[in-house]
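J.: Please read through the structure below; I'll follow up with questions.
The values are calculated or read from the model by the stated rules, or taken from the named source; none is laboratory data. Note that this is a predicted model, so its numbers are computed, not measured. Positions of Cβ are generated from backbone atoms using ideal geometry, with glycine treated the same way; all protein chains shown enter the neighbour counts. Ligands, DNA and RNA are stripped out before the accessible areas are found, and what is left, the full protein with its side chains, is counted by its heavy atoms. Shrake-Rupley method; radii C 1.70, N 1.55, O 1.52, S 1.80 Å.
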Amino acid sequence: MPAAKTVYLVDGTRTPFLVQSPDKQCYSALDLAMVVARIVLVQQPFSAQNLDTIVLASSLCDNSVDLAQQLAQRLHCSGDVSTLVQTGESAGLKAFEYASQQIALNQKQLVLVGAMDAFQAHSFVMNKSLNSWVKRWKGAKGIGGKFKALVALHTQHFGFSEESLSEYPGFSNYQESAEKKAIKQGISKDQMTEYVQLSLRRLQYAQRNNLIASLSPLFYQDGRVINRDESIINTEHADASSAILTDDNMAKASEGAAMLLLASEEAVNQYKLPVLAKITSSTWGDCSQKNSTDTRINDAVEQLLAHNKLSLDQIDYWECNEASAVDILTIQQQCQEDPKISSLSNVNIDGGTLALGSPPSANVFRMVMQLAHILQRNDAKQGVVTSTSSNGLEYALLLEAAHE
Amino acid sequence: MSDLEYFKLKKDANGIVWLTMHITENERHEINAAFLYEFLELIGGIKEKGVKGLVICSDKSDVFLTGVESETLDLLANDETSQKSMGFFSLGNQLCRHIERLECPTIAIIEGECSGAGVEIAMACDYRIIVDSYSTHLSYPQIADGYHIGFGGITRLVRQLGFNKTLSFLNATNPYHAGLCIETGLASAAIASYKAKWLAEQWINQPDSVEKPKRGKPLVAKILPLSSTIALTSLSGNIKAPSALALNVLETLIDTWTAQGVDADAQHEEVTTATSLISSQATRNKLYLKSLLKTQEQKYKQSHPINNGSSDSRSTSQRIHILGSGTMGKYIAKLCALHGLQVSIYDIRHAALATVLGESTTFFKAAFPRHPERVQQALDNITLDVHNVGVKHADIIIESIPEDKHAKLSLLLEIDKASKQTSCIITTTSSIPLDELSKDMVKPERLVGLNLFNPLFDSTAVELMISDCVTDAVVELAQSFTYSIARVPIPVKSVPGFLSTRLLMAYLIESLMIYQSGVSLSDIEHAAQELGMAYTPFELIDELGLEECLKVAEALADRLGHDVPHSLMQKVEQGLKGKQAGEGFYHYKNGHRYFSLVERVRRKWAWKSDIKAIQKRLLEKMINECRECLNIAVVDHADWVDLLIVSGVGFSEGRGGALKYLDYTSKSSE
C-alpha cells in the first residue's frame, strides 16, 4: 500500500443555519448544495470539469435519488466524476472521512465534499396505519372492494407519525444517556444554562466581528436574503420542567448546507491553491463499549493524540460537537490538568452547536471550517475537531495550520 | 428517380411517398426559386401516380425550412419592375395550392426551426406532426421585417386557427414550441422524434384514426370589414405592440381579407401584397440593415471557425463576473446564463442581489415556457457572489455600476489589482471616454466598453468601444463574448459619448431646445412619432431618468461643447426624477403614463405648431451629428452609423438609418 498523501483543505463555505418554519418558501436539499458548491467553485482557478469526486451527506433527506450525481450534472462536471451519497446517522462524519481517504489513498486530486439538511422534503409523514390503509385501498378491486376499504378508514389512521423527522436522529436514546451522565458528573441545570449563555455570547461576538468562517447568504425568489445564522435560543422564557436536559441546553436540529474543497498536494501545486489547513489524521472510537469516564475527552481523541505523539496542551484549539451542554461540561471537568480546556478558553471559541443549531450532517463541516479559520486567525498550529454522535460513535480529526 | 438537387424521394411498399428536403447550400434551409421549381415538378409527378400519401420532412434535425435565401431576397427587394418577385411568389403560391389539392393525405413532419416559408409549406399540408424537442419551434419573423412570403399560408392560418390566434402567432415575441402549437391547433400532434414517421404512416394507412383539421371561414372574418384598426388594437395584452413595419404588413393583409373574404381568392391575392411589400422602401431598408449585421457576423465566424459561440464548449469556456446588479448588470447576467455561460454577479448591497434570482426566474420562464428543466439549467449558471470572490479567476469582468466617473475609476482600479492579468475588463459606460477611466490602471490595454442599449432597446447590434491602446487579444476576447451572448459588436472609437450616446443626446437635446422655444410637449412628441422614432423624446428622458440624462448631457458639454438645456436642469432641480420615481415630464402611475383631466384638455386645445418644421429640425440635427461622427472616424463606415442609430437611438427602421435616409431622399429630389 502506498503511503498516505497529505490532504489539504482548500476552501469551503456554508449557508446560514436556518430554523425550520412551515410558512417559508424553502430550498430543496439539492438546491442548497448547489448554492454552496457554486460559491466554492467560483473561487477556484479550475472549473467543475476538473473535479474528481463529489461526496455528499444528508441525514434528513430522502435518499432515493443520487443527489451527488445530480449535483455533478448541474455543475457540468466531467462524465467520469465519481460520486457518493452518505445518509443516515453521522453521515457528515462518514462523508468527510471518505472524501479525505479518496485523496490520501486513492490518488484523487480534487474532491468536493459537502452536506445539506433540508426539512421540507417531508413535512408530513404518513403514519404506519394510514400507509397500510392506502395499500389496501389500492389493492381493493371493484366498487364493493373500494367501499369496504373506505368503511375501514378510521380516525386513528390520521394520528401523527411516531417518527418525526424534525428531531435529531436517535434523539431519545441520547437524551437518556446524557441525563445519566449529567447526574453522575453532578452537573446542574444552572451550570448548563450558564454554558448555553456563554456559547451564545461567543457566537454573537463572532457574528459582530465577522469571525464566522465564509458564510454565503441564501437568496430567495421573493427577494428575501438570509445572511446570518438564525437565532435559535429563546432567552426570554425559562424552562420550568423538572428534567435536567431541556430544550434550551440541547442542540436543536436546523437546516443548512456546507461544502468543502479538499485537494492533494499535486493539485495545490498545479493550480497554486491557497491552503486553509492540512488534515493530518483522524480516528474513530466507540464510547458504548467502555466506561467513558476513564478518558479525558473521548476515546477517539486519546487515540489521535497517542498516534501523533501529542499531549493535550499541544493542541491549540478545540471544536467539540455538543449535542447537549452535558458533553462539554463533562470534558471541562475531566480535563482539569489542562487550564485552557478547563476554563473553556480554547474550546468552541466562536460559539458552538448549542447556540447555532445543528444540521445533523452539515455541522461537522462547519466545525472543520471554523477551526481552520480560528487556526489561521490566531496564528496557531494544531486543532482538533471531535464529535460524539448519539449512537456512541466518536470521531476526532487533527487539523494543522498550513503556514510554515 | 432523376438527380434531384434539393430533395430525396422515396416511395415505399405501401405507396407512401417520403419527400426529404436537403438544402446543401445553406445551413438554415433557406429556399430559392430553383427549390420551388423542383418541388413543383415533384408534386406534379405525384399527382399522376397512384400515391397513397405524401410526407414532407427535413434531413436535418434542427431545421425544417426557414425564410428566403439572402441572395434571392436581395434580388426580390431591389427588383424595380417587380416582375421577378411577382414570379417568385406566384410560383410558391402555385406550389402550395398544388400540395393542398393533392387527393392523397399530405403530412408535414416538423422538426427543428420552422419559420416563414416553412410555415407556408406546412400550412398547405393536411396534417402537421410536430416533433417535441427543444429545437423545434414555429415562427414568422418576416412579419417584423415588413414582408410576408406570400404563398397563401397566412390566409390558410386564418382559416384554420381563426383571426385572433393567427395575429397572436404572427406577432409573438417568442416562437411557438410544440405544446403551444398543439394548444392553438397549429399542429395535429406532438410526438417524440423517433415516433413521428411511424405516426405519419399510421395516419395515411388508417385515415379514420385522425380527425382532419377543418378549414373554414372564421366567423370573425365576416365582421372584419368593420375596421382593420379595431382588429389590430384588440390584440390581446400579452403581445408586444407590433412594430410599424409589422403593422403595415398586417394592415395590408387585413385589407385583402376585407376586400376578398378569407378564401382562395385571398390566398392568391397574397402574391400581390407580398410583391408590393417586399419592394417597398421601408422593407428594403430594414432588410439592408439586417444583411449588414449578418455579413458582420459571418465575417467573424469565418475567421473563427472553432469558437463561433456554440454552446457545446460552455463550461470550459469563459467565466464571467459582473460587478453591480443594477438594471444593466442583471440584464447581462440573464443574457449570459441564457446562453449557457457561467456568470457570477456581485453587488455590495445584498438587497440588490436578492432581486436577481426572482427576476431571472421570470425571464427564463418566459424564454423557456413549459421547460422547467431548462429554466433550472439557466438559473444554475448564475452565482450570486456577496464577497466578490469571482473577480479573481474570471476571464471577463464587467463593471456595470451607475454612471459616475469617480466611482467607476476607483472600482476599475480595484478590479485591475484583484483580477488575473489575462482577463478582459468591460465597462458599461455610455459617455465617459475609456482613456479617462483607464488612466490609473496598471494595464489600461485590457479595458473596453460595451453598450447594450438596455433597458431601452433589445437589439442585436451593440456598441463595442475600443480605445487605441487596447491589444488585439483583448478585443478578440470581448468580441467572442458578445457573439456568445448572441449580440453583434460594432467597433467604435473611444471618444466622448462614443457614437450612440452622442446621437441619442443630439436627439434629446434638440427636442428639449425646441421645447424651450415654446413648442408644446405633445407637438414634439407627435412629430417624433410621425418620424418613426421608437421612443418619443420626453418618454425617453423619463425612461432614462432625468438626473442620468443631465449627467450625460453635462459630460458631453464638458468634452464636446454641446448645450445643456436649462429646462432639463430646472426639472432636475425641482426634484423630478423620471419614470421610476413616478414623475418626470409626465406623470406615472404603476409604471404607466397618465394624464390628469386638465392636461388632457390642454393637450387637445393647445396651439398646434408646424409639425413639419419640428421634424425637419430633429432630422437635420441627427443627420449632422451622424456626419460629424463619421468625419472624425468614430466608426469606419457609414453603415455602422446607420445600424447604431437604429438600434441605439430608435431611429425608424423603415428609413434605414439617418445617413441612408439622407442618401435616398437627396437622390429622389434630384
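J.: Please give, to one decimal in nm, the separation of the simple spin-label points placed at B:Asp435 and B:Lys405, each 7 Å out from Cα toward the Cβ.
T.: 1.4 nm
J.: Separation of region A:361-385 and region B:620-638 by C-alpha centroid, Å?
T.: Comparing the Cα centres of region A:361-385 and region B:620-638, I get a distance of 63 Å.
J.: Please report, for the Cα atoms of region B:99-200, the Rg to one decimal and the Dmax as a whole number; what are they, in angstrom?
T.: Reported Rg and Dmax, both Å: 12.8, 39.
J.: How big a patch of accessible area, both sides summed and in Å² to the nearest 100, lies buried between A and B at a 1.4 Å probe? Write down the numbers at each step before the final one.
T.: Working: alone 18750 and 29710 Å², together 46420 Å².
The buried area between A and B, both sides summed, comes to about 2000 Å².
J.: Name the residue from B:Ser419, B:Ile432, B:Ile397 whose Cα lies farthest towards the positive end of the charge dipole of region B:392-448, charges +1 on Cβ of Lys and Arg and -1 on Cβ of Asp and Glu.
T.: Final value for the positive-end residue is B:Ser419.
J.: Let me ask something else about it. Putting +1 on Lys and Arg Cβ atoms and -1 on Asp and Glu Cβ atoms, find which of B:Val646, A:Ile39, B:Leu9 reaches farthest to the positive end of the dipole of the protein assembly as shown.
T.: Checked the options; the winner is B:Leu9.
J.: What are the lysines whose alpha-carbon lies under 17 Å from the alpha-carbon of B:Lys443, with same-chain residues fewer than 8 places away excluded?
T.: Those lysines meeting the cut-off are B:Lys392, B:Lys408, B:Lys417, B:Lys420.
J.: Any idea of B:Leu9's accessible area? Nearest 10 Å², probe 1.4 Å.
T.: The accessible area comes out at roughly 50 Å².
J.: Separate question: At 1.4 Å probe size, what's the solvent-accessible area of B:Thr258? Round to the nearest 10 Å².
T.: Solvent-accessible area, nearest 10 Å²: 50 Å².
J.: Take B:Glu476, project a point 7 Å from its Cα along the Cβ direction, then tell me which residues of region B:323-359 have their backbone nitrogen under 17 Å from it.
T.: Within reach of a label on B:Glu476, which here means backbone N under 17 Å from a point 7 Å along Cα→Cβ, region B:323-359 contributes nothing.
J.: Please tell me the relative contact order of chain B in percent, rounded to the nearest whole number, where contacts are Cα pairs under 8 Å and at least six residues apart. Display every interim value, and only then the final one.
T.: Values: 1130 pairs, mean separation 60.3, N = 670.
Taking the mean separation of contacting Cα pairs over the length of chain B, I get 9 percent.
J.: Can you put A:Asp286, A:Asp117, B:Asp472 in order of accessible area, largest first, using a 1.4 Å probe? Don't jump to the answer; show the numbers that get you there.
T.: Values: A:Asp286 50, A:Asp117 0, B:Asp472 130 Å².
Largest accessible area first, the residues go B:Asp472, A:Asp286, A:Asp117.
J.: Quick one: work out the % antiparallel among DSSP beta bridges in region B:354-501, nearest 5. Could the numbers behind the result be given before it?
T.: On the way: 3 of 16 bridges.
Close to 20 percent.
J.: Tell me which of B:Thr355, B:Thr66, A:Leu112 sits at the most positive position along the dipole axis of the protein assembly as shown, charges placed on C-beta atoms (Lys, Arg +1; Asp, Glu -1).
T.: It is B:Thr66, whose Cα lies furthest towards the positive end.
J.: log₁₀ I(q)/I(0) of region B:10-105 at q = 0.14 Å⁻¹, via Debye over equal Cα point scatterers, no solvent, to two decimals?
T.: For region B:10-105, the Cα-only Debye profile gives -0.59.
J.: With θ taken as phi - 60° and the coefficients 6.51, -1.76 and 1.60, list the Karplus ³J(HN,Hα) couplings across region B:512-517 in order, rounded to whole Hz; mark glycine and proline as x.
T.: 5, 5, 5, 4, 5, 7
J.: Quote the charge dipole size of region B:513-670 about the Cα centre in Debye, to the nearest 20; the model charges only the Cβ of Lys and Arg (+1) and of Asp and Glu (-1).
T.: On the way: 20 positive and 24 negative charges, 146 e Å.
The dipole magnitude comes to about 700 debye.
J.: What size of dipole, in debye to the nearest 20, comes out for chain B about its Cα centre when the only charges are +1 on Lys and Arg C-beta atoms and -1 on Asp and Glu C-beta atoms? Intermediate values should be presented prior to the final figure.
T.: Details: 68 positive and 81 negative charges, 293 e Å.
Roughly 1400 debye, rounded to the nearest 20.
J.: Considering only the other residues whose Cβ falls under 14 Å of the Cβ of B:Ser279, what net charge follows from Lys and Arg at +1 and Asp and Glu at -1? List each step's numbers first, then the result.
T.: Values: positive: B:Lys84, B:Arg284, B:Lys286; negative: B:Asp74, B:Asp79, B:Glu80, B:Asp145.
That works out to -1.
J.: Enumerate by residue number the GluC sites (Glu not before Pro) in region B:28-122 meeting two conditions: DSSP loop (anything except H, G, I, E, B), and at most 11 other Cβ atoms within 10 Å of the site's Cβ.
T.: Those that pass, being in a loop and sparsely packed, are B:Glu80, B:Glu103.
J.: What size of dipole, in debye to the nearest 20, comes out for region A:274-404 about its Cα centre when the only charges are +1 on Lys and Arg C-beta atoms and -1 on Asp and Glu C-beta atoms?
T.: Values: 8 positive and 16 negative charges, 42 e Å.
The dipole of region A:274-404 has a size of about 200 debye.
J.: In percent, what relative contact order does region B:79-214 have, based on Cα pairs under 8 Å that are 6 or more apart in sequence?
T.: Numbers: 194 pairs, mean separation 36.1, N = 136.
The value is 27 percent.
J.: Let a ≥ b ≥ c be the square roots of the eigenvalues of the Cα gyration tensor of chain B; is it rounded (a/c under 1.5), or, if not, prolate (a/b larger than b/c) or oblate? Working shown, then result.
T.: Details: a/c = 1.96, a/b = 1.48, b/c = 1.33.
Judged from the Cα gyration tensor, chain B comes out prolate (a/c at least 1.5, a/b above b/c).
J.: Calculate the length of the line joining the C-alpha centroid of region B:450-522 to that of region B:21-72, in whole Å.
T.: Using only Cα atoms, the two centres lie 42 Å from each other.
J.: Note down the nm distance, to one decimal, between modelled labels 7 Å out along Cα→Cβ at A:Gln336 and at B:Arg627.
T.: Between A:Gln336 and B:Arg627, the simple spin-label model gives 10.1 nm.
J.: Sticking with this structure for a sec: Considering every residue in A:29-36, what mean count of other chain Cβ atoms within 10 Å of its Cβ is obtained? Walk me through the numbers before you get to the answer.
T.: Numbers: counts 0, 0, 3, 0, 0, 4, 2, 0.
Mean shielding count: 1.
J.: Could you please report the charge total around A:Gln370, scoring K, R as +1 and D, E as -1 over all other residues with beta-carbon less than 15 angstrom from its beta-carbon? Mind dumping the intermediate values first?
T.: On the way: positive: A:Arg14, A:Arg202, A:Arg228, A:Arg366, A:Arg377; negative: A:Asp11, A:Asp229, A:Asp316, A:Glu319, A:Glu322, A:Asp350.
Around A:Gln370, the charge tally is -1.
J.: While we're looking at this one, here's another question. Mind checking region B:508-581 for trypsin sites (Lys or Arg not before Pro) that DSSP puts in a loop (not H, G, I, E or B) and that have at most 14 other Cβ atoms within 10 Å? It would help to have the intermediate numbers written out before the result.
T.: Numbers: sites: B:Lys551, B:Arg559, B:Lys571, B:Lys577, B:Lys579; in loops: B:Lys577, B:Lys579.
Loop-located and lightly packed - none at all.
J.: Could you pull out the pairs from B:Lys439/B:Lys493; B:Lys52/B:Lys197; B:Lys60/B:Lys290 whose alpha carbons sit more than 23 Å apart here?
T.: Among B:Lys439/B:Lys493; B:Lys52/B:Lys197; B:Lys60/B:Lys290, the Cα-Cα distance tops 23 Å for B:Lys60/B:Lys290.
J.: Mind checking the full-extension length gain between B:Ala581 and B:Ser133? Use 0.36 nm per residue of separation minus the Cα-Cα distance, one decimal, nm.
T.: 156.9 nm
J.: With a point put 7 Å past each Cα toward its Cβ, work out how far B:Glu543 is from A:Gln73 in nm, to one decimal.
T.: Here the modelled spin labels are 4.2 nm apart.
J.: Please report the relative contact order for region B:352-480, taking Cα pairs under 8 Å with a sequence separation of at least 6, and give it as a percent rounded to a whole number.
T.: 18 percent
J.: Kirkwood hydrodynamic radius (Cα pairs, Å) of region A:296-404?
T.: Values: mean 1/r = 0.0719 Å⁻¹.
With all distinct Cα pairs of region A:296-404 included, I get 13.9 Å.
J.: On a straight-distance basis, which aspartates and glutamates could pair with B:Lys212 in a cross-link, Cα separation under 17 angstrom, same-chain partners fewer than 8 positions away excluded?
T.: Hits, sequence-local ones excluded: B:Glu100, B:Glu103, B:Asp126, B:Glu183, B:Glu201.
J.: Now for a different question. What list of ³J(HN,Hα) values in whole Hz, one per residue of region A:69-75 in order, does the Karplus curve 6.51 cos²θ - 1.76 cosθ + 1.60 (θ = phi - 60°) give from phi, with Gly and Pro shown as x?
T.: For region A:69-75, the Karplus curve yields 5, 5, 4, 4, 5, 5, 8 Hz.
J.: Lys pairs in region A:277-393, Cα-Cα under 22 Å, at least 8 apart or on separate chains: how many? Before the final figure, lay out each step's value.
T.: Details: A:Lys278/A:Lys309; A:Lys278/A:Lys381; A:Lys309/A:Lys340; A:Lys309/A:Lys381; A:Lys340/A:Lys381.
Lysine pairs, 8 or more places apart or on different chains, close enough: 5.
J.: Assuming R0 = 51 Å, what is the FRET efficiency of B:Ser303 and A:Arg208, from their Cβ-Cβ distance, to the nearest 0.05? Could you put the intermediate results ahead of the total?
T.: Numbers: r = 57 Å, r/R0 = 1.11.
That pair, B:Ser303 with A:Arg208, gives E of 0.35.
J.: Taking a 24 Å limit on the Cα-Cα distance, which of the listed pairs A:Lys5/A:Lys272; B:Lys10/B:Lys165; B:Lys330/B:Lys577 fall beyond it? Spell out each step's value before the answer.
T.: Numbers: A:Lys5/A:Lys272 18 Å; B:Lys10/B:Lys165 36 Å; B:Lys330/B:Lys577 22 Å.
Flagged as over cut-off: B:Lys10/B:Lys165.
J.: Semi-axes, largest first, in whole Å: what does sqrt of 5 times each Cα gyration tensor eigenvalue give for the protein assembly as shown?
T.: 62, 39, 28
J.: Running Debye on region B:442-546 with equal point scatterers at the Cα sites and no solvent, what base-10 log of I(q)/I(0) appears at q = 0.13, 0.21 Å⁻¹?
T.: -0.60, -1.07
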